[in-house]
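The values are calculated or read from the model by the stated rules, or taken from the named source; none is laboratory data. Quick caveat, the model's predicted, so the values are computed rather than measured. All Cβ positions, glycine included, derive from the backbone under ideal geometry; neighbour counts span all protein chains shown. Just so you know, the surface numbers come from the protein's heavy atoms only, side chains and all, with ligands and any DNA or RNA stripped out. Shrake-Rupley method; radii C 1.70, N 1.55, O 1.52, S 1.80 Å.
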Amino acid sequence: MRRLIALLERAAAHGCRLVVFPELTLTTFFPRYFLPSPEMAEKYFEREMPNADTQPLFDRARELGVAFVLGYAELTPDQRRFNTVCAVDVDGTIVGSYRKIHLPGHAEDRKMEHQHLEKYYFEVGDVGFPVVTLAGLKVGLATCNDRRWAETYRVLALQGADLVAIGYNTPVSGVPGMNPEPHRMMEEHLLSVRAGAYQNALWVLAAAKSGVEDGQRLIGGSCIVTPGGDVVSRATGDGDELVIGAYDPGVAEPFRAEMFNFSRHRRPEHYQLIVERTGVGEPVVAAIAGGHDD
Ligand code: ING
């Protein structure tokens, strides 16, 4: 809490009005461990928000007039578990929350030191991809693995989001089934957020929990990406760091007026497979009859 408040105060000192904290801001990334029962992980879950532990952050943010997005493990009164973020406006009130939809990794114990067991600990989010108003801006909410899926940004952009806030905890390597060279995890992170930003003329605010956490190294790479897909500000290290950018609504305008003018160019009547299918199926689009004339 002390570290988060210090970052919030530095942000306010720089004139920032919106701060995005990482996925599972309040705890270690415990889905790297297999515990014999999900209930044994309950110490990592919050039963209400704000609560006695987090109230100081909410109070300080209200005093400073800074909106923020905070990630935490949510345990609901009816015992459901989600990887959640709450969106808190400049007056310290929660104006919305999001429960992570794309849960990567696996649900079974793969008997490795570091695993990826979000499917074991969390349910798939049930509130869709929300757009909330923070500091007067339309902010879409998403979390970590969501940033790798094109649908995330499109659904948020179709609701009028101007920015997307994405906290993440991404290991340098050792994700079961995926063992890229460490630098690839950073490259694929940047590729994902730049593509999402560009293809939807969105600002993307990506906030890493980074450095060595319980022996596992997480990538840094917190960054601010413009609607043109350009990284305009990026973390230099993997300690507590503020990555600052100036939101300018004018940057998206030319992209939204022409290249990504959704209402003029999109053709949903040809996109139905995206919604109808989960996995790959048989071809449905008949080849154009006749082929080439001899
Ligand atoms: N997943 C991380 C992500 O960046 C990851 C790491 C990648 C896990 C691929 C499994 C597979 O997507 C989180 N934390 O969502």
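Return yes or no: is residue 8 under 26 Å from residue 211 (Cα atoms) and in contact with a Leu (Cβ under 7 Å, 6 or more places away or on another chain)?
Working: under 26 Å from residue 211 (Cα atoms): yes; in contact with a Leu (Cβ under 7 Å, 6 or more places away or on another chain): yes.
Yes; evaluated as a whole, the condition is true for this residue.
Answer yes or no as to whether residue 92 is away from the ligand (no atom under 16 Å from the Cβ), open to solvent by less than 30 Å² (accessible area, probe 1.4 Å) and on the phi > 0 side of the Ramachandran plot. Talk me through it step by step, then tell me what you get.
Details: away from the ligand (no atom under 16 Å from the Cβ): yes; open to solvent by less than 30 Å² (accessible area, probe 1.4 Å): yes; on the phi > 0 side of the Ramachandran plot: yes.
Against the criterion (away from the ligand (no atom under 16 Å from the Cβ), open to solvent by less than 30 Å² (accessible area, probe 1.4 Å) and on the phi > 0 side of the Ramachandran plot), residue 92 qualifies.
Quick one: in the stretch 154-192, which of the residues that are charged (D, E, K, R) and touching a residue at least 24 places away in the same chain (Cβ under 8 Å) is nearest to the ligand (Cβ to nearest atom)? If you could, list the steps in order and put the result at the bottom.
Filtering the stretch 154-192 for residues charged (D, E, K, R) gives 154, 162, 181, 184, 187-188.
Still in the list and also touching a residue at least 24 places away in the same chain (Cβ under 8 Å): 154, 162, 188.
Working: 154: 18, 162: 24, 188: 8 Å.
Step by step, filter the stretch 154-192, then rank; the result is 188.
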Filter result for the condition that a residue is open to solvent by less than 10 Å² (accessible area, probe 1.4 Å), in contact with a Pro (Cβ under 8 Å, 6 or more places away or on another chain) and not basic (Lys, Arg), over 156, 117, 134, 163 = 117
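If we only count strands (runs of 3 or more DSSP E) wholly inside the stretch 154-265, which ones have 2 or more residues that are under 21 Å from residue 130 (Cα atoms) and touching a strand residue (DSSP E or B) at 6+ places or on another chain (Cβ under 6 Å)? Quick ask: steps written out before the conclusion?
Working: elements: 163-168, 203-208, 211-213, 216-218, 223-225, 231-234.
So the answer is 163-168, 203-208, 223-225.
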Out of (1) under 25 Å from residue 34 (Cβ atoms); (2) crowded, with 22+ Cβ neighbours inside 10 Å, what's the single condition that is false for residue 180?
-> (2)
Out of all the residues in the stretch 61-76, which are open to solvent by 10 Å² or more (accessible area, probe 1.4 Å) and over 25 Å from residue 29 (Cβ atoms)?
-> 62, 63, 64, 65
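Within the stretch 140-153, which residues are within 13 Å of the ligand (Cβ to nearest atom) and open to solvent by less than 30 Å² (accessible area, probe 1.4 Å)? Working first, answer last.
Looking only at the stretch 140-153, we keep the residues that are within 13 Å of the ligand (Cβ to nearest atom), and these are 142-149, 152.
Answer for the stretch 140-153, where residues must be within 13 Å of the ligand (Cβ to nearest atom) and open to solvent by less than 30 Å² (accessible area, probe 1.4 Å): 142, 143, 144, 145, 146, 147, 152.
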Which residue pairs have Cβ atoms under 6 Å apart, sit 6 or more places apart or on different chains, and have a first residue in the stretch 256-278 that is at pLDDT 95 or above and a second that is open to solvent by less than 80 Å² (accessible area, probe 1.4 Å)?
-> 256/201; 260/201
Members of the stretch 36-57 found to be surrounded by fewer than 19 Cβ atoms within 10 Å (Cβ to Cβ) and part of a helix (DSSP H, G or I), listed by number | 38, 39, 40, 42, 43, 55, 56
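Working only within the stretch 77-89, note down all residues that are away from the ligand (no atom under 16 Å from the Cβ) and open to solvent by less than 40 Å² (accessible area, probe 1.4 Å).
Quick first cut of the stretch 77-89, residues away from the ligand (no atom under 16 Å from the Cβ) only: 77-80, 86-89.
Scanning the stretch 77-89 gives 86, 87, 88, 89.
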Can you find a residue in the stretch 22-35 that is surrounded by 21 or more Cβ atoms within 10 Å (Cβ to Cβ) and of a type in the set (Asp, Glu)?
-> yes
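Taking residue 195, is it small (Gly, Ala, Ser) and either modelled with pLDDT under 95 or within 15 Å of the ligand (Cβ to nearest atom) (or both)?
Numbers: small (Gly, Ala, Ser): yes; either modelled with pLDDT under 95 or within 15 Å of the ligand (Cβ to nearest atom) (or both): yes.
So residue 195 passes the test.
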Residues in the stretch 96-108: is at least one more than 15 Å from the ligand (Cβ to nearest atom), within 17 Å of residue 22 (Cβ to Cβ) and open to solvent by less than 40 Å² (accessible area, probe 1.4 Å)?
-> no
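For the condition more than 16 Å from the chain's Cα centre (by Cα) and modelled with pLDDT of 95 or more, what is the one hit in 69, 85, 95? Write out each step before concluding.
Values: 69 fails: more than 16 Å from the chain's Cα centre (by Cα); 85 fails: more than 16 Å from the chain's Cα centre (by Cα).
Answer to the selection: 95.
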